[in-house]
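The next block holds one structure in the form of structure tokens; read it before the comments.
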Amino acid sequence: MSNPAMTQKTQSQNYGIHISEEVRAALTAGKPVVALESTIISHGMPYPQNVETALSVEQVIRDAGAVPATIAILQGKPIVGMSADEIEYLGKTGQAVIKTSRRDIPFVMAMAKDGATTVASTMIFAAKAGIAVFATGGIGGVHRDAQQTFDVSADLQELATTNVAVVCAGAKSILDIALTREYLETQGVPVVGYQTNTLPAFYTRESDFSVDYRLEHPAEIASAMQHKWQLEIDGGLVIANPIPEAYALSRTEMDSVIEKAISAMNAAGVRGKESTPFLLAKVAEITGGDSLAANIQLVKNNAKLASAIALDYAALNNTN
Ligand code: PSU
Ligand code: MN
């Protein structure tokens, strides 16, 4: 007869999360795994480029010697390590999937719906599965005019509490980068520049804002992660990785594009969780796809760095 107490415990230990065979085997063996979010697929890019990108990002991670774990909720079940078919389904369904941040998780599960995870909710599932490194495009942040709107992404608060290193191309200037920096500083979230002194601004390699620490090698980043978490200084790290020079867009041009996108958003009365997807789509529309091409390249570049960090972090943990 099964022991109900045991069953309860086993279920709560895996939190009802479905971890794919491949990811589970890698985690058990202490091999490097890189988490990937799914809102970027459903709400961040159009179909079919979203699916193509998601699959090629996974390939970048495999080529670098790590295992990708794309995360989403499907029919109410959290999945860590989506299959190619599941990624195709999510990408094709697009914005009809629920954009799922921290607050949404229990409801998407209770209603047995499909949910695409943001940076915040991907961090939650990655941490519970035991994945320390996560690659994405851009993190959410403090929006422009947040003084009036109070629009601050839940990503920032998640970074304050959940132990995952998030590799991104900095923050988009749809956000107020200065306020985003201040928020992270107050919450004790380190912002590391990978081979850069200034925080990259997504489409461009530089901004007017400095990083906290410039590090040259993935191994140094892995070492800082290990020290932070060994001391139980909970919370994430932002690892800012500039877009490759060849794909960077012009700063003055992007400034004016973003101004236009924000005006369009205000004119349309778009607010809350719809803001970021609206702005991303508008920017892609105005730039005639140039922003999308840059976005694809920077995500791949981030996946490559995240893999290198995951390899070094796994090596550190395997020798201790
Ligand atoms: N920024 C991007 N692309 C994205 C997002 C942000 O350049 O796809 C997505 C991420 O999933 C991020 C979310 O976690 O938007 C932030 O949304 P909000 O501001 O509503 O928290
Ligand atoms: Mn918001």
If a residue has to be of a type in the set (V, I, T) and within 16 Å of ligand 2 (Cβ to nearest atom) to count, how many in the stretch 265-312 make the cut? 2
Just checking, how many residues over the stretch 219-256 are touching a Leu at 6+ places or on another chain (Cβ under 9 Å), closer than 21 Å to A201 by Cα and buried (at least 22 other Cβ atoms within 10 Å of the Cβ)? 9
Take the stretch 113-156 and flag every residue that is within 12 Å of ligand 1 (Cβ to nearest atom), among the small types (G, A, S) and over 13 Å from the mean Cα position of the chain (by Cα). G115, A146
Within the set of pairs 6+ apart or on separate chains, which have a first residue in the stretch 244-264 that is free of Cβ contacts under 8 Å to residues at least 12 places away in the same chain, a second that is outside any helix (DSSP H, G or I) and open to solvent by 30 Å² or more (accessible area, probe 1.4 Å), and C-beta atoms under 8 Å apart? none
Would you mind stating whether T186 is open to solvent by less than 60 Å² (accessible area, probe 1.4 Å) and of a type in the set (S, T, Y)? no
Would you mind finding the one in A314, A284, A308 that is of a type outside the set (S, T, Y), within 15 Å of ligand 1 (Cβ to nearest atom) and part of a helix (DSSP H, G or I)? A284
Based on what the data block shows, is A129 surrounded by fewer than 24 Cβ atoms within 10 Å (Cβ to Cβ) and out of contact with any strand residue (DSSP E or B) (no Cβ under 6 Å at 6 or more places or on another chain)? no
Within the stretch 100-126, track down each residue that is free of Cβ contacts under 8 Å to residues at least 40 places away in the same chain and either more than 19 Å from I40 (Cβ to Cβ) or outside any helix (DSSP H, G or I) (or both). P106, F107, A110, M111, A112
Where in the stretch 159-269 are there strands (runs of 3 or more DSSP E), lying wholly inside it, with at least 1 residues that are of a type in the set (D, E, K, R)? 213-215
R271 passes all but one of the listed conditions (1) within 15 Å of ligand 1 (Cβ to nearest atom); (2) within 28 Å of Q157 (Cβ to Cβ); (3) surrounded by 14 or more Cβ atoms within 10 Å (Cβ to Cβ); (4) not aliphatic (A, V, I, L, M); the exception is number (3)
In the stretch 5-26, the residues that are open to solvent by less than 100 Å² (accessible area, probe 1.4 Å), of a type in the set (A, V, I, L, M) and at pLDDT below 95: A5
Selection from the stretch 149-183 of residues that are within 16 Å of ligand 2 (Cβ to nearest atom), out of contact with any strand residue (DSSP E or B) (no Cβ under 7 Å at 6 or more places or on another chain) and open to solvent by 50 Å² or more (accessible area, probe 1.4 Å): F150, Q157
Condition met for L90 (among the hydrophobic types (A, V, I, L, M, F, W, C) and more than 30 Å from D312 (Cβ to Cβ)): yes
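The values are calculated or read from the model by the stated rules, or taken from the named source; none is laboratory data. The structure presented is a predicted model; accordingly, all values stated were derived computationally and were not measured. Glycine gets a Cβ as well: all are built from the backbone with ideal geometry, and neighbour counts include every protein chain shown. Accessible surface areas use protein heavy atoms only, side chains included; no ligands, DNA or RNA. Shrake-Rupley method; radii C 1.70, N 1.55, O 1.52, S 1.80 Å.
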